[in-house]
Amino acid sequence: MNAVDGLEDLDDLDDLDDLDDLEDLNDKSLQQRLSAVQRDGLNLRFIRDKTDDICRAALAQNGLALQFIPEAQRYTEFCEIAVQQCSAAFQFVPLDKRTLSICQSALKGELKN
């Protein structure tokens, strides 16, 4: 089981409804931050402490969240998840991470559209 699979077991996803402002996410628990990116991966932009698990969950929900991950943390694994989820995320893949597999995933995604 990978880390993203385990995130689906969160019981307390409704706590996010109590947030008045997404910018308050940094004051919330890890579980609430995970819930926020599971609902909308682009919420990653509001989170300062971008742990690998939070990034993985955000990318699984919306590959375009890759743009909010610091370039030094854009691992090949993250780039693959992002491009498989959304081929448009390819634009945020660093040049040194553009493997044949990632390029093929981006092309396959574009051909579906």
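A short reminder: the numbers here are calculations on the coordinates, not readings from a lab. What you see is a predicted model; the values in this text were computed from it and never measured. FYI the Cβ positions are ideal-geometry reconstructions off the backbone, even for glycines, and counts take in every protein chain you see.
Things to note:
- Filtered residue count, the range 55-75, keeping only those that are over 23 Å from LYS112 (Cα atoms) and in contact (Cβ under 8 Å) with a residue 24 or more places away in the chain: 4
- Applying the condition of being closer than 16 Å to ASP53 by Cβ and within 11 Å of the chain's Cα centre (by Cα) to the range 74-84 and asking which residue is surrounded by the most Cβ atoms within 10 Å (Cβ to Cβ) yields ALA82.
- The range 31-54 residues that are farther than 20 Å from TYR75 by Cα, paired with ones that are acidic (Asp, Glu) and assigned to a loop (DSSP other than H, G, I, E, B) (beta carbon under 7 Å, 6 or more apart): GLN31/ASP12
- Scanning the range 26-55 for residues that are among the basic types (Lys, Arg) and crowded, with 19+ Cβ neighbours inside 10 Å yields a count of 1.
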